[in-house]
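Below is one structure, written out as structure tokens; comments come after it.
The values are calculated or read from the model by the stated rules, or taken from the named source; none is laboratory data. None of the values given here were measured: they were computed from a predicted structure. Using ideal geometry, Cβ is built from the backbone for each residue, glycine included, and neighbour counts are taken over all protein chains shown.
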Amino acid sequence: MSIFSRIVERLFSLAAAGSALLTIAVFLLLLYLALPLFEQGGFWALIRSPWDPGAGLYGIYPMLIGSLSIAFLALLIGFPLSLGGAFFITCFAPLFLRRHLLNLVRLLTGVPTVVYSFAALFLLVPFLREHLTGGSGLNILGAALMLAVLIAPTMIIFFVDALRRVPSGYLQAVTALGGSPGQGLVYIALPLAWPGILNGLLLGLGRAMGDTMISLMIAGNAVALPGSMMDSARTLTAHIALVIAADVSSLEFQSIFACGILLYLFTALLVLMVRLLGKFPKRSPG
Amino acid sequence: MIRQFAKSNFLTACLLAASFLFSFQALAGDLDLFRGYKGAISISGGTAHIPVMKEAAKRAMTANPDIQITIAGGGTGVGIKQVGEKMVQIGNAGRKPTEAEIKQHGLVLFQWAIDGVGVVVHPQNQVQALTFSQLQDIYAGKTVNWKELGGVDRAINLYTRDQASGTREVFAGKALNKGAVSPRANVVVSNGAMKTAVANDPYGIGYVSVGHIDSSVAPVALDGVKPTEDNVRAGKYKVARGLYSLTAGEPRGLVKAFLDYLFSPSGQQIVIDKGFIPVR
């Protein structure tokens, strides 16, 4: 090995170690800053109580519920859409279209979320207000719809990737037996590609949970516990953005670290699940 | 969230500056404050201040291309915090900082305008006059339908501002008399966002800096007094506050020049042009 490639290798491993350390350092910093909360046993109380600074309550329970309901609703809307999109791109679209469609989807992953939010504010929100949900139109449903649009391209790319890895011989065998392409997809490709699809699903959920701009602009940010998807709600991420300007030593400010830890743990859990899924043995077609 | 970065092509800027120097030298008297300075100022905080800040910065940078001024929003809380921690040179506040804040960061206050906080609704809303107690009931979530106030049979959509907002503190203190704001109220992050939200929602009610009120929203009279510039100036409209710029310690050099410019006749004219009440 030449000196040059040795240096390059060293540089790369340093970069990898650096980013890994950074991730751990962020978590340790969050823990350190939230330490006063843990010591007073306030962390669990914060997670379970409502937000009412006037009454001395700085709980983030409504935001936790807001985040979870928006993210899971987005996944519920986005998953069938993305699966359908991936089926179309891998199987049903005319051959010359497939590559262009996939490129288009790749392009969509790069659209800044603020652009989606801005468009939704002038198109989706008035529609929801007048025809569907009433109220101000700023609610969980609107944010979830936009988040579904946001995470769909990511999921489609993962799904397409997973479906394409299914050996083409299996699908040819289906055709040889007189099966339709649809049957091959549902009975052969889907079960084989399932780990990859689950992977995309979890990453989509992570992205929906971590997004700030869409929920900040579309969900309404009310601090009340949402009762239905027609209600205005605030997510953990939007809460951080809205409270960060409070006095550093105040309890309001400390609640931000509780939000941060929750988000961190949630993302870590998702990544862990993705890793574990990768270890599963590939099921052979039975 | 509103960020304005001004970068100009050096050559064009020079030519522009040169042409200004030759043709408008007589008019540019107050801009002489910036002569000979070089460098950058960053400003953040109150969102009511932004129109005036942007115009003043634009003029300063046109007069002297060696100066770069960036303006960010964030709200009063952000302004006080960032100037205190020396992340920016000037922090804007839409309320008077508390004694504790002044002492903690060694803040120096410059109040260069007076502003009202006006209640606004959608221009099509028939309800354009309220009493203070009606307003308090609306914001407390006790009055929930426009019908109860003589409007259409639709739920009232409340809009309020985030914790960092000086506009919110002034509104809650002087218009709501420290009354509660319903937790169901939607929260927006700047005066501009508030105006957009109410302009787009026929059943919404919100509050903005009087300088930000234009034809896209309708001002609501409180106890018979409309939130207009004239009423604020005459002292008839009581929900008013000063607009402050803050520095950590006495300002020097370019920062001082910029603040002096705000108090100069041309600076105060910008204040008037943008719909605020000048202090000089």
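Can you run down the residue pairs with Cβ atoms below 9 Å, 6 or more apart or on separate chains, where the first is in the range B:127-145 and touching a residue at least 12 places away in the same chain (Cβ under 8 Å) and the partner is charged (D, E, K, R) and buried (at least 16 other Cβ atoms within 10 Å of the Cβ)?
Qualifying pairs under 9 Å: B:Gln128/B:Lys226; B:Ala129/B:Lys226; B:Gly141/B:Arg184; B:Thr143/B:Asp137.
Is it the case that some residue within the range A:92-112 is in a helix (DSSP H, G or I), under 27 Å from A:Pro226 (Cβ atoms) and more than 14 Å from chain B (Cβ to nearest Cβ)?
no
Take the residues in the range A:99-153 that are crowded, with 19+ Cβ neighbours inside 10 Å and on the phi > 0 side of the Ramachandran plot, then tell me which one is nearest to the chain's Cα centre (by Cα).
Among those residues, the one meeting the criterion is A:Gly137.
Does the range A:225-272 hold any residues that are part of a loop (DSSP other than H, G, I, E, B) and crowded, with 20+ Cβ neighbours inside 10 Å, and which are they?
Listed by number, the residues that qualify are A:Pro226, A:Asp231, A:Ser232, A:Arg234, A:Thr235, A:Ala245, A:Ala246.
For residues that are more than 9 Å from every other protein chain (Cβ to nearest Cβ) and without any contact (Cβ under 8 Å) to a residue 12 or more places away in the chain, scanning just the range A:113-129, find the one that is farthest from A:Asp231 (Cα to Cα).
The extreme case among them is A:Val115.
Is it fair to say A:Ala71 is farther than 30 Å from A:Asp231 by Cα and more than 14 Å from every other protein chain (Cβ to nearest Cβ)?
No.
Output the number of the condition that A:Ala193 fails; it satisfies all remaining conditions of (1) under 16 Å from the mean Cα position of the chain (by Cα); (2) without any contact (Cβ under 8 Å) to a residue 40 or more places away in the chain.
A:Ala193 satisfies every listed condition except (1).
For the range A:232-240, check the following and say yes or no: at least one residue is modelled with pLDDT of 90 or more and away from chain B (no Cβ under 13 Å).
Yes: one or more hits.
What do you reckon, is B:Pro123 part of a loop (DSSP other than H, G, I, E, B), within 14 Å of chain A (Cβ to nearest Cβ) and out of contact with any Gly (no Cβ under 6 Å at 6 or more places or on another chain)?
Judged against the criteria, B:Pro123 is not a match.
So A:Leu201 passes all but one of these: (1) within 10 Å of chain B (Cβ to nearest Cβ); (2) crowded, with 20+ Cβ neighbours inside 10 Å; (3) among the aliphatic types (A, V, I, L, M). Which condition number does it fail?
Here A:Leu201 clears every test but (1).
Of the residues in the range A:184-198, how many are under 15 Å from A:Met155 (Cβ atoms) and out of contact with any Lys or Arg (no Cβ under 9 Å at 6 or more places or on another chain)?
Number of matching residues: 3.
Rundown of residues vs (1) buried (at least 23 other Cβ atoms within 10 Å of the Cβ); (2) part of a loop (DSSP other than H, G, I, E, B); (3) hydrophobic (A, V, I, L, M, F, W, C), yes/no style:
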position	(1), (2), (3)
B:Asn231	no, no, no
B:Arg241	yes, no, no
B:Ser245	yes, no, no
B:Pro251	no, yes, no
B:Lys256	no, no, no
B:Asp260	no, no, no
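Testing A:Tyr187 on (1) touching a Pro at 6+ places or on another chain (Cβ under 7 Å); (2) not β-branched (Val, Ile, Thr); (3) not in a loop (DSSP other than H, G, I, E, B), one condition comes back false. Which one is that?
Among (1) touching a Pro at 6+ places or on another chain (Cβ under 7 Å); (2) not β-branched (Val, Ile, Thr); (3) not in a loop (DSSP other than H, G, I, E, B), the lone unmet condition for A:Tyr187 is (1).
From the residues in the range B:160-178 that are among the hydroxyl-bearing types (Ser, Thr, Tyr) and more than 22 Å from A:Leu225 (Cα to Cα), which one is nearest to the other protein chains (Cβ to nearest Cβ)?
Checking each candidate, the answer is B:Ser165.
Say we look at the range B:126-147 and pick out the residues that are assigned to a loop (DSSP other than H, G, I, E, B) and touching a helix residue (DSSP H, G or I) at 6+ places or on another chain (Cβ under 7 Å); which of these is nearest to A:Val223 (Cα to Cα)?
B:Thr143
Would you check which residues across the range B:73-88 are away from chain A (no Cβ under 12 Å), surrounded by 24 or more Cβ atoms within 10 Å (Cβ to Cβ) and part of a loop (DSSP other than H, G, I, E, B) and list them?
B:Val88
Quick check on this structure: which one of B:Asp115, B:Asp137 is surrounded by 15 or more Cβ atoms within 10 Å (Cβ to Cβ) and under 21 Å from the mean Cα position of the chain (by Cα)?
Among B:Asp115, B:Asp137, only B:Asp115 is surrounded by 15 or more Cβ atoms within 10 Å (Cβ to Cβ) and under 21 Å from the mean Cα position of the chain (by Cα).
For the structure I just gave you, tell me whether A:Met217 is over 15 Å from the mean Cα position of the chain (by Cα), modelled with pLDDT of 90 or more, assigned to a helix (DSSP H, G or I) and within 14 Å of chain B (Cβ to nearest Cβ).
Yes.
Hey, A:Leu46 hits all of (1) within 13 Å of another protein chain (Cβ to nearest Cβ); (2) in contact (Cβ under 8 Å) with a residue 24 or more places away in the chain but one; which does it fall short on?
Going through (1) within 13 Å of another protein chain (Cβ to nearest Cβ); (2) in contact (Cβ under 8 Å) with a residue 24 or more places away in the chain one by one, A:Leu46 breaks only (1).
Looking at (1) touching a Lys or Arg at 6+ places or on another chain (Cβ under 8 Å); (2) assigned by TED's automatic domain parsing to the domain that holds B:Leu222, can you tell me which one B:His122 breaks?
Condition (1) is where B:His122 drops out.
Output the residues belonging to the range B:179-232 that are within 14 Å of another protein chain (Cβ to nearest Cβ) and among the charged types (D, E, K, R).
B:Arg184, B:Lys195, B:Asp201
Quick one: which residue in A:Leu31, A:Leu75 is assigned to a helix (DSSP H, G or I), under 17 Å from the mean Cα position of the chain (by Cα) and touching a residue at least 12 places away in the same chain (Cβ under 8 Å)?
A:Leu75
Kindly establish whether B:Asp115 is more than 13 Å from chain A (Cβ to nearest Cβ) and charged (D, E, K, R).
yes
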